[in-house]
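Below you'll find the structure, written out as structure tokens, and then a few comments.
The values are calculated or read from the model by the stated rules, or taken from the named source; none is laboratory data. In this text, all values refer to a predicted model and were calculated from it rather than measured experimentally. Reconstructed Cβ throughout: ideal geometry from the backbone, glycine too, with neighbour counts over all protein chains shown. For accessibility, only protein heavy atoms count, side chains too; no ligands or nucleic acids. Shrake-Rupley method; radii C 1.70, N 1.55, O 1.52, S 1.80 Å.
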Amino acid sequence: MILDPRRSVLLTDFDGTLAPIVDEPSAAVPLPGTTELLVGLADVFGRVAVVSGRPVSFLVDRLPGLVGSAVEVVGLYGLEMAGQDGEALPDPDVAPWRPVVRAAAERLAERCPAGVLVEEKGATVTVHWRAAQQEQSWVTEAVAAEASRTGLAVHPARLSLELRPPLVIDKGTVVYRRCTGMAGACYLGDDLGDLPAFDALARWAADEDGVAIRVAVDGDDSAPDVVAEADLVVAGPEAVLGLLDWLAATAG
Ligand SMILES: [Mg+2]
């Protein structure tokens, strides 16, 4: 290895990266062996983290072996982190926005057409049209209306739109902070919410003369922009597992 793994950071998205994309978001599970690999990599790398748009409660439920391990679990694009016992530790700026998000989620759920899924995640709400693709324009208009009513910010994702508190917190800020002081950094992701992480990695590499590797996970409907900006493209979560396995064998 050219880089010292102990001075390198390994950061990964969850859905579409560690877990295959499924029609029903609540049914997503990581591939077998993922937890063990991540825990093993955390013995070798300076820092390992799962950075997801999912709530910490969901991530901890799907990756219970990470609780109490050296692998950091960051949820809701950095709006919350897992504590030592797997509890969600929200960013202090999030609290005033929770009732606003809940009210918006309730209004959207009341009015949404059949097939549209309103997924309330505590500090954010995602509206999916995967199962009702003809309803994309309804979702777009309804989410925009909620954004202007509440001050929440709209973020596009895979066949969905998300409303989040208008805070300067995203995967980019999460990633940049964790790269600071390191020599190398690798981030794996597949969706539009991963672009700020890719951008942050590039910015950090320029600022600190670090070595950054942006890995796009190219699945059936990955975001083309993520693939276009990547240094390396791998084919789906199976290939991610293979890459992590290779890293563990090579760097360990
Ligand atoms: Mg993803």
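Descriptive notes on the structure:
- With every protein chain in place, the chain: carbon and sulfur % of accessible area (1.4 Å): 54 percent
- Projecting label points 7 angstrom from Cα along Cα→Cβ for ARG177 and THR250 puts them 3.0 nm apart.
- Cut-off 13 Å (backbone N to label point 7 Å along Cα→Cβ of ASP209), residues of the range 177-194: 183
- Computed log₁₀ I(q)/I(0) - Debye formula, equal Cα scatterers, no solvent, the chain, q 0.11, 0.16 Å⁻¹: -0.56, -1.18
- The chain: calculated mean residue ellipticity at 222 nm from DSSP helix runs of at least 4, using -39500 (n - 2.57): -11000 deg cm²/dmol
- Counted residue by residue at 0.36 nm each, then reduced by the alpha carbon distance between them, the extension gain from GLN134 to ARG111 reaches 6.7 nm.
- Whole-Å semi-axes of the ellipsoid equivalent to the range 95-164 (Cα gyration tensor, √5λ, descending): 19, 11, 11
- Ranked order, SER69, SER8 - accessible area, probe 1.4 Å, largest first: SER69, SER8
- Centre separation in Å (Cα based) which lies between the range 12-84 and the range 185-242: 16 Å
- Per residue, the accessible area of the range 95-164 comes to 46 Å² when a 1.4 Å probe rolls over the protein heavy atoms.
- If the chain linking ASP61 and VAL227 were pulled fully straight, counting 0.36 nm for each residue of separation and taking away their Cα-Cα distance, it would gain 56.9 nm.
- The value obtained for the range 1-101, namely the Cα convex hull volume divided by the number of residues, is 113 Å³ per residue.
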